[in-house]
Amino acid sequence: MKAAVYHGIKDIRVEEIETPVCKKDEVRIKVNYCAICGTDLRTYFYGHKKVVPPAVIGHEITGTVDRIGSDVIYPEIKEGDRVTLVTSIGCGKCKMCGKGLYNLCPDTRAIGYFYPGGFAEYLIVPPDAVKQKAIIKLPNNTPMKEGSLIEPLSCVINGQNYLNIEKGDTVVIYGGGPIGFMHAALAMSSGASRVIMVDPAYERLEMFGKQFEGLILLDPKKTSIKDEVLRLTNDYGADVVITACPAKQAQTEGLEILGSKGRISMFGGLPRDNSVISIDSNIIHYKEISVFGSFASNRRDYIRAAELISEKKIDAGRFISSVLPLEKIVEGIEMVKSGDVLKCVIETGK
Ligand SMILES: [Zn+2]
Ligand SMILES: [Zn+2]
């Protein structure tokens, strides 16, 4: 089969490799689309501790069930079904796995990192993933291409599960990448009356912001975000802040612009060696602020994401700026890095 093989930093080659054999307790998927994620970019440019070359990465996958091993008990799927895959696979033994929170398993093994991923014509769903029901059927009316956005949307849903966004809320999102815009679209669909997006790469924010109605876009280089949020909310402050970027400034300022009973999601992580921030904890105390984290997502978030896309409550097509064949994957990665596209989806086969 054809696969984009990651041989190391800045070295991905599209090659012919052995088509993986489906063992008794596995399921083989014929991949149709796999979207490029920010973490794929990081792996390509900087490496990733769980990706050991040679490896096939890619985890925002849609495909077709190609073969089901003879020992597999999975009545929800049959050969030929159109599916997506849950990325986080847990050890199956720890406390978090016991609760079905495989994303929080200390020994999590993700598809597209530890296990071979979607930038190839076929992939194997490993036995643990089969047991954890990581294969999810796409709703009938969801096109395969749009389905590749279920994974990133599921992460956004996991983040917003904690935030209780309601009618009338003012939501401020730091970061104008695809995840930031997905947060905006989801917050709108939950009834937020005002969604404000902040990004110092303002030209880019404006370029993509035009495709979504009703957003307020702010340039932190020119505008005091705090003053502007207070002005827009009659001095109350924001109800919800989401930091969808790896910036300390967003986390500290985000806390300062919240009103009473405000909620903040530190959705984007900070660089590993530079992740300590200093905050005025009295803000949290006196205003009864809730601070949440969020990492990856779980099965129920995928199911919700698939529903939102199929019901058109989230228009997945708007996020896809480019579709490229597998051969052009490096071009796709460069394109995503340049910031010229929101989502680039790789087509691995029809
Ligand atoms: Zn992703
Ligand atoms: Zn575990």
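The values are calculated or read from the model by the stated rules, or taken from the named source; none is laboratory data. Note that the coordinates shown come from a computational prediction; the quantities given were computed from them, not determined experimentally. All Cβ positions, even for glycine, are placed from backbone atoms using ideal geometry, and neighbour counts span all protein chains on display.
Take the range 17-51 and flag every residue that is within 12 Å of ligand 1 (Cβ to nearest atom), hydrophobic (A, V, I, L, M, F, W, C) and surrounded by fewer than 17 Cβ atoms within 10 Å (Cβ to Cβ).
Leu41
Is the range 251-267 home to any residue that is under 22 Å from Ala110 (Cβ atoms), under 16 Å from the mean Cα position of the chain (by Cα) and touching a residue at least 60 places away in the same chain (Cβ under 8 Å)?
yes
Here are Glu203, Glu166: which of them is acidic (Asp, Glu) and either in contact with a helix residue (DSSP H, G or I) (Cβ under 7 Å, 6 or more places away or on another chain) or in a loop (DSSP other than H, G, I, E, B) (or both)?
Glu166
Given the structure, is Lys93 within 16 Å of ligand 2 (Cβ to nearest atom), of a type in the set (Lys, Arg) and either more than 22 Å from Gly38 (Cα to Cα) or not assigned by TED's automatic domain parsing to the domain that holds Gly180 (or both)?
So Lys93 fits the description; yes.
If you scan the range 22-41, which residues turn out to be within 24 Å of Gly80 (Cα to Cα) and either touching a Lys or Arg at 6+ places or on another chain (Cβ under 8 Å) or of a type in the set (Gly, Ala, Ser) (or both)?
Cys22, Val27, Arg28, Asn32, Tyr33, Ala35 - these are the residues of the range 22-41 that are within 24 Å of Gly80 (Cα to Cα) and either touching a Lys or Arg at 6+ places or on another chain (Cβ under 8 Å) or of a type in the set (Gly, Ala, Ser) (or both).
Consider the range 78-92. How many of its residues are farther than 20 Å from Lys50 by Cα and more than 16 Å from ligand 1 (Cβ to nearest atom)?
Count: 6.
Is it the case that Arg67 is under 18 Å from the mean Cα position of the chain (by Cα), more than 15 Å from Cys34 (Cα to Cα) and assigned by TED's automatic domain parsing to the domain that holds Glu18?
The answer is no for Arg67.
Which ones in the range 70-111 are in a loop (DSSP other than H, G, I, E, B) and in contact with a helix residue (DSSP H, G or I) (Cβ under 8 Å, 6 or more places away or on another chain)?
Val72, Tyr74, Val86, Thr87, Gly90, Cys91, Gly92, Gly100, Cys105, Pro106, Thr108
What number of residues within the range 240-277 are more than 18 Å from Ser294 (Cα to Cα), modelled with pLDDT of 95 or more and not in a helix (DSSP H, G or I)?
Count: 5.
Looking at Thr108, Thr87, Thr64 in this structure, which one is within 16 Å of ligand 2 (Cβ to nearest atom), under 24 Å from Asn140 (Cα atoms), among the polar types (S, T, N, Q) and surrounded by 15 or more Cβ atoms within 10 Å (Cβ to Cβ)?
Thr87
Here is a check on your reading of the model: is Arg42 of a type in the set (Lys, Arg) and part of a helix (DSSP H, G or I)?
Considered against the rule, which asks whether it is of a type in the set (Lys, Arg) and part of a helix (DSSP H, G or I), Arg42 comes out as yes.
Test Ile68 against the stated conditions and say whether it is free of Cβ contacts under 8 Å to residues at least 60 places away in the same chain and of a type in the set (A, V, I, L, M).
yes
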